[in-house]
Amino acid sequence: MAKKSNSTEAATATPAGTPRLLDYYNTTVRSALAEQLGRTNQHAIPKLEKIVVNMGVGIAITEKKHLEEAIAALGQITGQKPVATLSRKAVSGFKLRENLPIGCKVTLRGRRMYEFLDRLISMALPRVRDFRGLSATAFDGQGNYSLGLSEQMVFPEINPDKFARPQGMNITLVTTARTDDEARALLRALGLPMKKMKGEEGESAA
């Protein structure tokens, strides 16, 4: 009996397999980027560093329950407990006081980061109405990319009966890339569906 118990504990302690998208980066994307960018130093090849998912809930000034719902929804979407974001300054016209909870955010790293990105690419974005690809220019000049979603319902984890109020979010992909072009190559290689830029091969005339 004791041996069976120890065996069960050992199996429970064993970490799960590598996330599919992380494995794809290690086996395919990294070598492709090294060749494309002419890099021989493995540490110089761009990679994802973290993903920040932020929900702004302005209505929380008067309706605190909406912030609680946003926190619960973001927790289900990311698999990680969100933290509340506070207002930085008071705005009397909006009845906003300093340090008032008006949103929530999650910072994802490691396996959770890759699992979230995989679900975003393969499950959430295809469910966006009239989706025709993401902007290829939404970078900050330092290799980081931001995109917005108008509602959380595109994630299949969300029960529409429980979260009836649409809640948008902003998603920032932080990379180690030196330039926006390098980051764009990384994210496209990982499968992020970006539109073609002007002058790129296959660009639509529309």
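The values are calculated or read from the model by the stated rules, or taken from the named source; none is laboratory data. Nothing here was measured: the structure is a model prediction, and the numbers come from that model. With ideal geometry, Cβ positions are generated from the backbone for all residues, glycine too; neighbour counts draw on all protein chains shown.
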Item to complete: Name the single residue, out of those in the stretch 133-178 being of a type in the set (S, T, Y) and touching a strand residue (DSSP E or B) at 6+ places or on another chain (Cβ under 8 Å), that is surrounded by the fewest Cβ atoms within 10 Å (Cβ to Cβ).
Response: S135
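For the condition out of contact with any helix residue (DSSP H, G or I) (no Cβ under 9 Å at 6 or more places or on another chain), surrounded by fewer than 18 Cβ atoms within 10 Å (Cβ to Cβ) and assigned to a loop (DSSP other than H, G, I, E, B), what is the one hit in D181, D130?
Working: D181 fails: assigned to a loop (DSSP other than H, G, I, E, B).
Only one candidate passes the filter, namely D130.
Looking only at the stretch 1-38, which residues are basic (K, R) and modelled with pLDDT of 90 or more?
To start, the set of residues in the stretch 1-38 that are basic (K, R) comprises 3-4, 20, 30.
If the condition is that a residue be basic (K, R) and modelled with pLDDT of 90 or more, then R20, R30 are the ones that fit.
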Discussion item. Among the residues in the stretch 99-119, are any touching a strand residue (DSSP E or B) at 6+ places or on another chain (Cβ under 9 Å), at pLDDT below 95 and basic (K, R)?
Written reply: yes
Fill in: Hits in the stretch 39-59 - residues which are outside any helix (DSSP H, G or I) and over 21 Å from Y25 (Cα atoms)
V53, N54, M55, G56, V57
Response to the item:
Scanning the stretch 28-50 residue by residue, those surrounded by 17 or more Cβ atoms within 10 Å (Cβ to Cβ) and free of Cβ contacts under 8 Å to residues at least 40 places away in the same chain turn out to be R30, I45
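Exposed (fewer than 12 other Cβ atoms within 10 Å of the Cβ) and modelled with pLDDT under 95: is that true of N54 in this structure?
Values: exposed (fewer than 12 other Cβ atoms within 10 Å of the Cβ): no; modelled with pLDDT under 95: yes.
Criteria not met by N54.
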Item to complete: Filter the stretch 106-139 down to residues that are among the charged types (D, E, K, R) and under 11 Å from the mean Cα position of the chain (by Cα) and give me whichever is nearest to A185 (Cα to Cα).
Response: D118
Practice prompt. Please indicate, with yes or no, whether at least one residue in the stretch 147-155 is in a loop (DSSP other than H, G, I, E, B) and of a type outside the set (G, A, S).
Written response: yes
Worksheet item: Which ones in the stretch 175-198 are acidic (D, E) and on the phi > 0 side of the Ramachandran plot?
Response: none
